[in-house]
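Below you'll find the structure, written out as structure tokens, and then a few comments.
The values are calculated or read from the model by the stated rules, or taken from the named source; none is laboratory data. It should be emphasised that the depicted structure is a prediction, and the values quoted were computed from it without experimental measurement. Reconstructed Cβ throughout: ideal geometry from the backbone, glycine too, with neighbour counts over all protein chains shown.
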């Protein structure tokens, strides 16, 4: 079986699984709920900088595009990590639990290619979930709020087209963060035959990282935590763009993806598969 056919087959299985479709549906509903709630609350525009979340809310009444940034920053706290954790935790552990992993390995694909395909599917699913959030939030924002030239967090106003381009980059940045999380989940998934255990472990790791990142006394370890740079996409909404922060975030994601991807490969290619 060619790598392309193998990937397409795995992706079809993941996307058509009812549980995963439900996850994507829930992901799509959240931006609608957030948009309607904020519309009813009638937020008042207040210029200026400030914290990421507060700045987004202040800008929303003036431009519905900011509903996308609000949705992404809100769902990054828990919802998007859960979506990725379910698929990543189930990737190898689920196959072992169902007793289908050894049959997959019987196909002349090789363990390395199988693992690469599994990770590719995780990243694709994370990309789908993230773009669904952005697309639904953008559509809801256009319906519920005015849309036009975008006033960035730094106070600079750019055209709507330029604002949408920044939105695309923000969505890709969030996808990169979820891809790194997916690599961690894949590594955990190779350690157990119980998918629910892998999913729970990954979510405990995410929550622990977020808690530690908000403890002032542990400020020194913050930049090394997997969740620390997730919300740094607000650097794209300023003039000039804080490329230093963005690159550090992307480097962090890449390091986590490589480290845990290598661990998953070392574990999976050397372990005895009996299930």
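Does any residue of region 127-139 turn out to be surrounded by 20 or more Cβ atoms within 10 Å (Cβ to Cβ), closer than 28 Å to residue 265 by Cβ and modelled with pLDDT of 95 or more? Yes. It is to be established whether one or more residues within region 217-226 are at pLDDT 95 or above and not in a helix (DSSP H, G or I). So far as region 217-226 goes, yes, one or more of its residues are at pLDDT 95 or above and not in a helix (DSSP H, G or I).
Considering region 233-274, the residues that are under 16 Å from residue 166 (Cα atoms) and without any contact (Cβ under 8 Å) to a residue 40 or more places away in the chain include one that is surrounded by the most Cβ atoms within 10 Å (Cβ to Cβ), namely 235.
The residue of region 140-153 that is surrounded by the fewest Cβ atoms within 10 Å (Cβ to Cβ), among those that are part of a loop (DSSP other than H, G, I, E, B) and out of contact with any strand residue (DSSP E or B) (no Cβ under 9 Å at 6 or more places or on another chain), is 146. The set of residues in region 186-225 being closer than 11 Å to residue 256 by Cβ and surrounded by 22 or more Cβ atoms within 10 Å (Cβ to Cβ) consists of 187 alone.
Considering only region 201-232, state which residues are over 15 Å from the mean Cα position of the chain (by Cα) and in contact (Cβ under 8 Å) with a residue 60 or more places away in the chain. Within region 201-232, 201 is the sole residue that qualifies.
Just one of (1) in contact with a strand residue (DSSP E or B) (Cβ under 9 Å, 6 or more places away or on another chain); (2) not in a helix (DSSP H, G or I) fails for residue 240. It is (1). Residue 8 satisfies every condition listed in (1) surrounded by 13 or more Cβ atoms within 10 Å (Cβ to Cβ); (2) modelled with pLDDT under 90; (3) out of contact with any helix residue (DSSP H, G or I) (no Cβ under 7 Å at 6 or more places or on another chain); (4) under 25 Å from residue 264 (Cα atoms) except (2).
Each residue in region 12-43 was checked for being in a helix (DSSP H, G or I), touching a helix residue (DSSP H, G or I) at 6+ places or on another chain (Cβ under 7 Å) and modelled with pLDDT under 90, and 2 pass.
Number of residues in region 65-101 that are outside any helix (DSSP H, G or I) and at pLDDT 85 or above: the value is 4.
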